[in-house]
Amino acid sequence: MTAGRPRTLKRVNSAVSNRLERRDLTDPAVPTPAASGAGPFTEPLTGAVAAADTLVAEPLTGADAAADTPAAAPLTGAVAAADTLAAAPISRSRTYQVRTYGCQMNVHDSERLSGLLERAGYTPTDEGETADVVVFNTCAVRENADNKLYGNLGHLAPVKAAKPGMQIAVGGCLAQKDRGEILRRAPWVDVVFGTHNVGSLPTLLDRSRHNARAEMEILEALEVFPSTLPAKRESAYAGWVSISVGCNNTCTFCIVPSLRGKEADRRPGDVLAEVQMLVDDGVLEVTLLGQNVNSYGVEFGDRAAFGKLLRSCGGIAGLERVRFTSPHPKDFTTDVIDAMASTPSVCHQLHMPLQSGSDRVLRAMRRSYRSERYLSILAEVRAAMPDAAITTDIIVGFPGESEADFQQTLEVVTQADFAGAFTFQYSPRPGTPAASMADQVSREVVTERFRRLMEVVDASALNGNRAQVGSVVEVLVASGEGHKDGASGRMSGRARDGRLVHFAPVGPAIDRAVRPGDVVTTRVTYGAPHHLLADGELLTHRRTRAGDRSEAGVAVRTPGVGLGLPGVGRPARPAAAPAAACSVAPVR
Ligand code: SF4
């Protein structure tokens, strides 16, 4: 999936980032496969009763917690921090900043880190100020990720020396991988935590301050499903909802499985409760997130679970757009296509990694589908949804890739008619099987193939976008997508199929002002490879609650959505009864 991408060289049309006990298959909260395998979840999905056999403890924060929480890994280091940490009393007005690297999963994890820190009393730092606590949420799959991290840590060393009481924490995939190496190379770091225990951050910060030494805690297995932790959302109109973490696959270029572990699936009811909470707060669009999102259900034995989840999301009144990323071709079923086509809120957008068009290379990558199967899925998707925009990930120069293999990739890309692609030049990632394969392809050859691939992808994307000219698109107005031309006053957003649209916010249809989070319709006037332009007057403008929140600068905050135990991870307020089409039981 996207999270497993080895590196970004060029991004093309981004049209499209305590203890948990596993419930067993007899858990009454787990929906059994419907006879047809095609319906939404039809049983009560959450509730104290259902979850009574599971246990999750809310992460402890604060100084009290520090005393109660045993270290799960040997703590290193009186090493470092003692000389740089002032023995300032623990303050609840300390400021924080989270710096995020990598994929959507990390972006979402950072929302959790922010939520945790704010629950513990920290406040976000103001623009241009140095935070009291700087957290690096790292990525191990990008090229030179470690050099970048240590470079940034080096820049912060003198800043910290000049700011008594400042703390630096490093978490995420690189922390999980490098562990004590981080404290060895950057002994001014105060806290190192892994991918399985993001909930420990406030406790580790407190403990480090209290003990005036560096604290490291890396767990080998998931401590608490990250979604049981509070989150401060980046967007008022769109939210990530993690449905699973980890991956059971073993792609030879990918380090994700060793850092994120085996796939763990959330309960459907917890997923839907979180979606409902977001919608209650005005969020219009939800992206279901998983390293291998469509294998959802493998842990509780329901192969149809992902399609059911899409259908159940479709029953949540007020949820206008449902997206998901990233599916694996080997797990893509007709049922999911049916669910996409028959659920109006599910967007006709599919981002499905191809990685290579050569079956020989796919085998070496340990990707179990073949190009013919991949193309047949696309054909099935287009038959059901002719307007679907399909994007992909492709790696160029995997070890052993010959010119003939690469030609096959070009051929498949041409046939697939992608609306865009994330394309990557392969480079070895330490710790992955592919890194030690013979026949590494030379940098020159990789670069040259990459250029040719870009030409084919761009031509395909351009064709698709030109075909949009004259059509009417519904745009969810975004902030931070970039205005194509600042001088023109254009705003930006995504069409339902994920295409980036820069539009002119002009015309009598506008109700006062267009804000991020509002919904407009407009007619496409121009198609470029990576975006559409719509320079005519808006056809419609709908003010939304998300727009109100964006305008007011109010962030969406969600408490953790846990396993249904009383008082733990509950939605803040009972969700309204779902719409008739949705058989999701009310969550409370
Ligand atoms: Fe994606 Fe899993 Fe393969 Fe990594 S191992 S690329 S996360 S499917």
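The values are calculated or read from the model by the stated rules, or taken from the named source; none is laboratory data. A quick note: this is a predicted structure, and the numbers were derived from the prediction, not measured. Here Cβ is always computed from backbone atoms with ideal geometry, including for glycine, and neighbour counts include all displayed protein chains.
Per-structure values
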| quantity | calculated |
| --- | --- |
| Residues of segment 254-284 classified as surrounded by fewer than 24 Cβ atoms within 10 Å (Cβ to Cβ), among the acidic types (Asp, Glu) and more than 16 Å from the ligand (Cβ to nearest atom), total | 2 |
| Cβ pairs under 7 Å, 6+ apart, first in segment 379-398 and at pLDDT 95 or above, second of a type in the set (Lys, Arg) | Ala388/Arg382; Ala389/Arg499; Asp393/Arg5; Val396/Arg449; Gly397/Arg449 |
| Test result for Val514, at pLDDT 95 or above, in contact with a Pro (Cβ under 6 Å, 6 or more places away or on another chain), farther than 23 Å from Thr392 by Cβ and in a loop (DSSP other than H, G, I, E, B) | yes |
| Number of positions in segment 315-363 that are touching a Pro at 6+ places or on another chain (Cβ under 7 Å) and within 16 Å of the ligand (Cβ to nearest atom) | 2 |
| Number of the condition not met by Ile168 [criteria: (1) surrounded by fewer than 24 Cβ atoms within 10 Å (Cβ to Cβ); (2) in a strand (DSSP E or B)] | (1) |
| Residues satisfying the stated conditions in segment 316-360, i.e. among the polar types (S, T, N, Q), at pLDDT 95 or above and over 20 Å from Asp302 (Cβ atoms) | Ser345, Gln349, Gln355, Ser356, Ser358 |
| Hits in segment 90-133 - residues which are at pLDDT 90 or above, hydroxyl-bearing (Ser, Thr, Tyr) and assigned to a loop (DSSP other than H, G, I, E, B) | Tyr122, Thr125, Thr130 |
| Output for segment 225-244, where each listed residue is within 15 Å of the ligand (Cβ to nearest atom) and in contact with a Pro (Cβ under 7 Å, 6 or more places away or on another chain) | Ser242 |
| Segment 546-567: number of residues that are at pLDDT 90 or above and more than 24 Å from the chain's Cα centre (by Cα) | 3 |
| From the options Leu289, Leu222, residue that is surrounded by fewer than 24 Cβ atoms within 10 Å (Cβ to Cβ), within 16 Å of the ligand (Cβ to nearest atom) and not polar (S, T, N, Q) | Leu222 |
| Pick from segment 504-528, criterion of a type in the set (Lys, Arg) and farther than 15 Å from Glu481 by Cβ, ranking: surrounded by the fewest Cβ atoms within 10 Å (Cβ to Cβ) | Arg512 |
| Residue within segment 286-300 that is farther than 30 Å from Arg373 by Cα and touching a Gly at 6+ places or on another chain (Cβ under 8 Å) present | no |
| Residue identified as at pLDDT 95 or above and on the phi > 0 side of the Ramachandran plot among Gly470, Gly431 | Gly470 |
| Of the criteria (1) within 16 Å of the ligand (Cβ to nearest atom); (2) surrounded by fewer than 24 Cβ atoms within 10 Å (Cβ to Cβ); (3) modelled with pLDDT of 95 or more, which one Tyr296 fails | (2) |
